[in-house]
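Enquirer: Below is the structure I would like to discuss, written out as structure tokens.
Read-outs: derived from the displayed coordinates by stated rules, not from any lab. What you see is a predicted model, and the numbers here were worked out from it, not measured in a lab. Ideal geometry is used to build each Cβ from the backbone, glycine not excepted, and the neighbour counts take in all protein chains shown.
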Amino acid sequence: MTEKSAKGAARDGTVGKALDVLDQVAGYGRPVRFSEVLADSPYPKATLYRLLQTLTSQGMLALDPDRGAYVLGVRLVRLAHAAWQTTSLAPVARPHIDALSADLAETVHLAQLDHAQVLYVDKRNAAVPVEMYSQAGKVGPAYCTGVGKAMMAFLPESDIGGVLAQQSFHPFTEHTLTGPDALRAELAAIRTRGYAFDREEHEPGIICVAMPILSDAGHVLGALSVTATTARRSLEDLASLAPALRKTAILIARDAAAWRFPDRISQPFSKTG
């Protein structure tokens, strides 16, 4: 947990601290012992233990007695499923990304913005899957992924500054954009072109073309991408798939409107410290 998130949690009292601890445990992606959580936590041992006990008693976490490790609780799973059904594009987009992946025989991602980061909400693998970071449920950086840049490019100008302020600009590869000025220039090009690329910016050998999913009012609902490896495809190849991506994005936006998916979900893009 970062110092920044700890300060934010302190402002929100016990609830904020508990949610930060819940986020921390979920982030391990596996059962985790108290000692591991404590080593990465800004909270004193007694405070952390109390927060974990509260989360466990409320069903948000569960303690595996055999391993002495914390896992996500059944109540949290139920809440996550309800959120997936009501605020995720995944249910309405599923038949469309199924069809797109089958037609192109490539990996298709569906993503939304979450606190200025990318949340992968669904994924369809190519006929021959490629090992890569992105999986449904994972959170990734926005500044160096195709879906992240596609969504950022079409945000209101009033939100862009807050989004840029929350990017880490860590150089994952030699192709990663490492500053806000370079990213702003890239976003302007994306708005003109209508779609984004990942040019091996997050993972070596992984490239993609990405398309925003926009409501009739122009609000960002999410983004789609088609991902391949440089061994099989070039950026020019992927650019030729943009019309198919655009058609699918329009179909998803249409069905989202009929399903009354929120036209715009409020996001805390402003910088906090």
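Enquirer: Amide H of LEU61: which non-local residues (sequence gap of 5 or more, or other chain) have their own amide H closer than 5 Å, using H built in the peptide plane?
Expert: Correct list: THR56, GLY73.
Enquirer: Here's a follow-up. Can you put THR176, THR192 in order of Cβ neighbours within 10 angstrom, beginning with the fewest? Walk me through the intermediate numbers first.
Expert: Values: THR176 17, THR192 8.
Ascending Cβ contact count within 10 Å gives the list THR192, THR176.
Enquirer: List the residues whose amide H sits under 5 Å from the amide H of ALA69, counting only those 5 or more places along or on another chain, with H placed 1.01 Å from N in the peptide plane.
Expert: ASP64
Enquirer: Skipping prolines and chain starts, which residues have an amide H placed within reach, meaning under 5 Å, of the one on LYS138, given they are 5 or more residues away or on another chain?
Expert: TYR120
Enquirer: Can you compute 3J(HN,Hα) from phi for each residue in the stretch 235-244, using the Karplus curve 6.51 cos²θ - 1.76 cosθ + 1.60 with θ = phi - 60°, rounded to whole Hz and x for Gly and Pro?
Expert: Karplus-based 3J(HN,Hα) across the stretch 235-244 equals 4, 5, 4, 5, 4, 5, 8, 4, x, 5 Hz.
Enquirer: OK, next. Give the distance, in whole Å, between the Cα centre of the stretch 213-231 and the Cα centre of the stretch 13-53.
Expert: Going from one Cα centre to the other spans 34 Å.
Enquirer: Would you kindly derive the ³J(HN,Hα) couplings of the stretch 145-159 from the backbone phi angles with the Karplus curve 6.51 cos²θ - 1.76 cosθ + 1.60 (θ = phi - 60°), listing them in order in whole Hz, with x for Gly and Pro?
Expert: Taking θ as phi minus 60°, the curve returns 10, x, 5, x, 5, 4, 6, 4, 4, 10, 6, x, 4, 5, 8 Hz for the stretch 145-159.
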